[in-house]
Structures are given as structure tokens and as C-alpha cells.
Amino acid sequence: MKTGFVGLGAMGAHMARSLHRAGLLAGAWNRTPAKTAALAAETGCTAFDAPPALARACECVVLCVSADADVLGVVDALLPGARPGLLVIDCSTVSAATAREAAQRLAQVGAEFVDAPVSGGVEGARQATLAVMAGGTPEAFARAKPVLATMGRTITHMGPTGYGQATKATNQILCAGHIQAAAEAMAFAKHEGLPLDRVIETLGQGAGSSWYFVNRAPNMVRDDYPAGFRVRLHEKDLKIAREMAERHGVHLPLIEMTLLHYRRLIEAGHGDEDISTLFRLKDAMFGGGRE
Ligand code: NAP
């Protein structure tokens, strides 16, 4: 399937390269044209100068842009070039409502839409090992799957349009809980004077362990939080989850507390660190420093 790519950012540039390796990448468009030119020079794909031209030339368009308004803006920009049968796959993390709105706008010209947010970070995008959670009709998903399979290792159809994004929001709530637990437990252990490396080694094998505890508690021991999953990005994702919970009339304590903590971290200049920087706040509750 001749595929075009929109949004050559930290994730999208790697995902577009995966499509190229599979022989599917026809061309790309990026808001900042230098990135399109660089990809075209590297892969030989076409550098489109506007979204409608890309839509006209392709059977499938993959998007990976930033937030809700950006997805809808790009969908609107594709519409003049869209036609019945065009498949648009959105890999950005946005709300389920935005996915449904995008699907509706594309359906007016007979084009299909699949929401397909990804998990696995920039590393997963580079190695084409992303976990993809998709929403859409079974027919649209069947068309999207081979395209998504070039970029990810696990491609799962979760249900109708929006279900991919709802699954991604669920994942972001899990991440909030795991990082809260790991940071709080590590601050407690530190101020109990425990040998922290041995705590991670031992409890990492136990029932209270998590991916975050095993992989991110070492950051807390070293007091160094190199950009992995940036605070700013998780904040954006948790705001989406909050908005979705509010539609049920519910305020989830884990989301509210974590957003409050992230605000404090961002204001203190830690917004571009990995979310394990949350340890700073937990440590400070005990007075910080060494025991
Ligand atoms: P990024 O590096 O900031 O890249 C964003 C891309 O979207 C850029 O190419 C940008 O164009 C384009 N863009 C933004 N707004 C646009 C608009 N209104 N119109 C046209 N293009 C627009 O972000 P990223 O880290 O690749 O993340 C992309 C998406 O994947 C986000 O929804 C994010 O939540 C999700 N995600 C990220 C990660 C991660 O670890 N980074 C993991 C999973 C999911 P310019 O080049 O012109 O700025």
C-alpha cells in the first residue's frame, strides 16, 4: 500500500524509516519542511509540499503529530486531497473523542480512519518494536495492520473508533500509579537507611515490582533522570485521561495527584526529565539529603 507520513518528530521520523525499510513509504509532509527534505534525501521518498498532494498520491496516510487540535488540523488539511478508500491512520496520543471526530470528518469524503496510538517510546519507534493499540472498523483495521506491522511488534484491535486511544489513556494511568509507587517506596527505603541497590535487586523480583521499579528506580539511586518518558509528555497524556474520566463525572485521585506533582516539577525546571524525577518530591517530604 502506497503510504505517506505526516509528522516527522522524535517518533514519526523513525516510524517513517520503518515504512521505508518495508518498501511502503511513498512520501512525507512535515510542517517544518527541512525535516521532509532530510527524509527524502535519506530514503528517496517524495517530499510533498502540502497535505492534499500527499493524500492524492497515497492509498494510506499515517499521522504522528502532537495533540488533539494538531490531529484535527492535519485531517482538515488532508481533506481536499482525500477520496473514497483513502485510509488515514493516526498514531498520535489524543482523546477518543478526537479520534471519533477525525473519523467522522474523513467519512464525509468516504475515507477510512484508524486510531492507532503507540507505546514503547523513541527506542521502540527506532527499533520498530512499538505496541500498537487500534480502534476502527474490522475492515479498516485489516487494511491498517500490515502498515502498522512495519513499525510495531504487537498490533491489537481494541474495538471501534476511539478504543485505541481509550486503551492508551488506560496505559497512562497505569504508568502514573507505577511511578508514584516506585518513587514513594524508594524515598521511604532511602530514609530507612536501606541499601538501595539491594532493595531494587530483591524487591524487583517480588509481587510489588513493576517495569518502572526495575528500570527507573536506579535513576532515583543515582539522582539522575535522563529523558526517557518526559514529564511534560506524560502530563499531556494524563490530561487526556482526566478529560475522558470527567465525561463519566469522575475525578480519579491518581490522575489528579500526579498532575499536581508534575506541575510542581515543571515549574521547578524538571519538565524535560524522565518521570522518575518524581522521586525529588518524595525525597523532599523526608527532608532530602542523605540518611
Ligand atoms: P515531537 O517530536 O514533538 O514531534 C511532533 C511532530 O508533529 C513534528 O513533526 C511536528 O512538526 C508535528 N506537528 C505538531 N503539530 C502540528 C500541526 N499542528 N500541524 C502539522 N504538524 C504538526 O513529538 P513526538 O515525541 O514524536 O510525539 C508525537 C506523538 O506521539 C504525540 O502525540 C506523543 O504523545 C506520542 N507518543 C510519543 C512518545 C515519545 O516517547 N516521544 C511515545 C508514545 C507516543 P514540526 O517538525 O514542524 O514541529
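Brief remarks follow.
- Tally of residues being open to solvent by less than 10 Å² (accessible area, probe 1.4 Å) and not in a helix (DSSP H, G or I) across segment 84-110: 9
- Check on PHE113, among the aromatic types (Phe, Trp, Tyr) and part of a helix (DSSP H, G or I): no
- ASP283 being of a type outside the set (Ser, Thr, Tyr), touching a helix residue (DSSP H, G or I) at 6+ places or on another chain (Cβ under 7 Å) and open to solvent by less than 60 Å² (accessible area, probe 1.4 Å): yes
- Segment 28-45, subset more than 9 Å from the ligand (Cβ to nearest atom) and either surrounded by fewer than 20 Cβ atoms within 10 Å (Cβ to Cβ) or not assigned by TED's automatic domain parsing to the domain that holds VAL71 (or both), residue nearest to ALA149 (Cα to Cα): THR43
- Filtered residue count, segment 113-133, keeping only those that are more than 7 Å from the ligand (Cβ to nearest atom) and in contact with a helix residue (DSSP H, G or I) (Cβ under 6 Å, 6 or more places away or on another chain): 10
- GLY85 being free of Cβ contacts under 8 Å to residues at least 40 places away in the same chain and over 22 Å from ALA149 (Cβ atoms): no
- Residue check for ASP115: in contact with an Asp or Glu (Cβ under 8 Å, 6 or more places away or on another chain) and of a type in the set (D, E, K, R): yes
- Apart from one condition, PHE48 fits all of (1) more than 14 Å from the ligand (Cβ to nearest atom); (2) buried (at least 23 other Cβ atoms within 10 Å of the Cβ); the exception is (1).
- Evaluation of TYR163 against (1) more than 30 Å from ALA140 (Cα to Cα); (2) open to solvent by 60 Å² or more (accessible area, probe 1.4 Å); (3) in contact (Cβ under 8 Å) with a residue 24 or more places away in the chain (one fails), failing number: (1)
- Hits in segment 130-160 - residues which are assigned to a loop (DSSP other than H, G, I, E, B) and either open to solvent by 40 Å² or more (accessible area, probe 1.4 Å) or of a type in the set (Lys, Arg) (or both): THR137, PRO160
- Any hit, segment 236-254, residues being in contact with a Gly (Cβ under 7 Å, 6 or more places away or on another chain) and within 22 Å of VAL122 (Cβ to Cβ): no
- Filtered residues of segment 57-69 (kept if open to solvent by 60 Å² or more (accessible area, probe 1.4 Å), at pLDDT 95 or above and farther than 22 Å from PRO146 by Cβ): ALA69
Residues checked against (1) part of a helix (DSSP H, G or I); (2) within 23 Å of GLY152 (Cα to Cα); (3) within 10 Å of the ligand (Cβ to nearest atom):
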{"residue": "PHE5", "(1), (2), (3)": "no, yes, yes"}
{"residue": "HIS14", "(1), (2), (3)": "yes, yes, yes"}
{"residue": "SER18", "(1), (2), (3)": "yes, yes, no"}
{"residue": "GLY23", "(1), (2), (3)": "no, yes, no"}
{"residue": "ALA26", "(1), (2), (3)": "no, yes, no"}
{"residue": "LEU72", "(1), (2), (3)": "yes, no, yes"}
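- Every pair of residues 6+ apart whose Cβ atoms lie under 8 Å, when the first sits in segment 220-232 and is without any contact (Cβ under 8 Å) to a residue 40 or more places away in the chain while the second is more than 12 Å from the ligand (Cβ to nearest atom) and open to solvent by 80 Å² or more (accessible area, probe 1.4 Å): VAL221/ASP197
- Residues of segment 202-241 that are among the charged types (D, E, K, R) and within 15 Å of the ligand (Cβ to nearest atom): ARG216, ARG230, ARG232, GLU235, LYS236, ASP237, LYS239.
- Members of segment 51-70 found to be in a loop (DSSP other than H, G, I, E, B) and either aromatic (Phe, Trp, Tyr) or within 15 Å of the ligand (Cβ to nearest atom) (or both), listed by number: CYS64, VAL65, SER66, ALA67
- When each of ARG143, ARG198, ARG126 is tested for being over 21 Å from LYS239 (Cα atoms) and either at pLDDT below 95 or touching an Asp or Glu at 6+ places or on another chain (Cβ under 9 Å) (or both), the lone residue that passes is ARG143.
The values are calculated or read from the model by the stated rules, or taken from the named source; none is laboratory data. This structure is a prediction, so every number in the text was calculated from the model and none was measured. Every residue, glycine among them, receives a Cβ derived from its backbone with ideal geometry; neighbour counts consider all protein chains shown. Surface accessibility is based on the protein's heavy atoms, side chains included, excluding ligands, DNA and RNA. Shrake-Rupley method; radii C 1.70, N 1.55, O 1.52, S 1.80 Å.
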